[in-house]
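Report on the following structure.
Rule-based calculations on the coordinates, nothing more; no lab input. All of these numbers come straight from a predicted model, not from anything done at the bench. Every residue, glycine among them, receives a Cβ derived from its backbone with ideal geometry; neighbour counts consider all protein chains shown.
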Amino acid sequence: MGALTKRIKSLNTPADVYVINRENTEWLVDYYKNDWPFDMVVIDELSSFKNNNSKRFKALKTVRPLIHRIIGLTGTPAPNGYIDLWAQIYLLDQGKRLGKYISHYRENFFEPDKRDSQRIYTWKAKESSVDIIKNKISDICISLQAKDYLQMPEKVIDNRYIKLDSKAQKQYEEFEKEMFLQINEDEIDVTSAAALSNKLLQFCNGAIYKEDRKEYVEVHNCKIEALLELIEEAHRTTAVNIL
């Protein structure tokens with residue numbers, strides 16, 4: 001969903017599935033409040049809700065009793081350790097397995113790790129806590145490993161060496177020597193060898209960032225043309241259906 005008017009129009013258009021990014025979770029909850037209409041919610045990258053103090057978690061928590069079924073998907077459920085699981089599991093079961101409050105979860109399963117005299121920065125699991133936590137959530141969580149379920153073909157490395165066209169080659173050599181390059185109305189000027197090296201790498205990719213790093217100047221299409229040739233070769237050898 002994009003701009004506000006587009007979001008509201010989409011919500012009022014009948015559909016089986018509605019998709020929204022996580023940044024608009026708070027807005028969506030505030031829009032419906034107690035009239036929350038979605039009986040099922042699927043959260044992609046559930047670990048982005050691991051912070052129990054985040055606005056998105058607090059927003060979804062308020063309407064969680066109105067959601068009949070919720071599914072969370074993530075490849076990194078505990079990026080900073082098992083302390084990250086509480087908020088995610090709470091959204092699944094409303095605190096039935098790991099407790100309704102993170103303070104109780106910390107007290108029961110963790111002990112202070114990095115800290116100073118006034119503040120605890122990180123927590124580490126107590127001995128045997130990991131097995132207890134896994135057992136408590138085993139009935140609602142499924143963990144799959146790619147090596148056990150994905151049959152992938154052997155990786156093929158195809159190195160392509162790209163030669164600049166004569167115009168781009170001449171501009172490159174001029175830029176390397178003079179540390180200055182004029183592209184139409186744009187001027188690229190560097191004052192150090194390190195900056196020059198960085199700009200030359202950008203040049204090889206086909207475009208150079210301006211000083212504000214928000215806009216760029218295109219210098220050649222050699223790399224893009226090579227990529228298009230590679231895609232064309234792949235299409236000649238593989239049947240591709242795009243739905």
Query raised in the report: With θ set to phi - 60° and the Karplus curve 6.51 cos²θ - 1.76 cosθ + 1.60, what are the ³J(HN,Hα) couplings of region 180-196 in order, to the nearest whole Hz, using x for Gly and Pro?
Result: 8, 9, 10, 10, 6, 8, 9, 10, 10, 10, 10, 10, 9, 5, 5, 5, 5
Query raised in the report: Cross-link partners among aspartates and glutamates for Lys210, C-alpha distance below 12 Å, same-chain residues fewer than 8 apart left out?
Result: Asp186, Glu187, Asp189, Glu218
Report summary line: One checks the Cα atoms of region 10-149 and finds Rg and Dmax, in Å, of 16.6, 56
Report task. Could you tell me which of Phe180, Val63, Ala193 has its Cα farthest along the dipole of the chain towards the positive end, charges placed at Cβ (Lys, Arg +1; Asp, Glu -1), taken about the Cα centre? Result -> Val63
Report summary line: Of the listed links Lys55/Lys134; Lys55/Lys100; Lys134/Lys155; Lys33/Lys136; Lys100/Lys124; Lys170/Lys223, those spanning more than 23 angstrom between alpha carbons are Lys55/Lys134; Lys134/Lys155; Lys33/Lys136
Report task. Would you calculate, for the chain, the mean residue ellipticity at 222 nm contributed by helices, counting each DSSP H stretch of 4 or more residues as -39,500 (n - 2.57) and dividing by all residues, to the nearest 500? Result -> -11500 deg cm²/dmol
Report summary line: To the nearest 20 debye, the chain has a Cα-centred charge dipole, built from +1 on Lys and Arg Cβ and -1 on Asp and Glu Cβ, of 1520 debye
Query raised in the report: What FRET efficiency, computed as 1/(1 + (r/R0)^6) with R0 = 45 Å and r the Cβ-Cβ distance, is obtained for Leu66 and Asn159, rounded to the nearest 0.05?
Result: 0.25
Query raised in the report: Given 10 Å bins starting at zero, what is the percent of C-alpha pairs of the chain in each, up to the one with the largest pair distance?
Result: 6, 19, 16, 18, 22, 15, 3
Report task. If a/c stays under 1.5 just call it rounded; otherwise compare a/b with b/c (prolate if a/b is bigger, oblate if not). Do that for region 99-202, with a ≥ b ≥ c from the square roots of the Cα gyration tensor eigenvalues. Result -> oblate
Report summary line: With the dipole of the chain defined by +1 on each Lys or Arg Cβ and -1 on each Asp or Glu Cβ, the option from Ile157, Ser47, Asn135 whose Cα lies farthest towards the positive pole is Asn135
Query raised in the report: Out of Thr25, Thr191, Thr13, any idea which swings most in a Gaussian network model of the chain, alpha carbons joined below 10 Å?
Result: Thr191
Query raised in the report: In the P(r) worked out for region 162-243, what percent of Cα pairs fall beyond 17 Å?
Result: 52 percent
**Report entry** 3J(HN,Hα) from dihedral phi, region 140-157, Karplus parametrisation 6.51/-1.76/1.60, rounded to Hz, x for glycine, proline
**Finding:** 10, 10, 10, 10, 10, 10, 4, 5, 8, 10, 9, 9, 9, x, 4, 5, 10, 9
Query raised in the report: Which peptide among 192-201, 110-119 comes first, and what is the full order, when sorted by highest mean count of other Cβ atoms within 10 Å?
Result: 192-201, 110-119
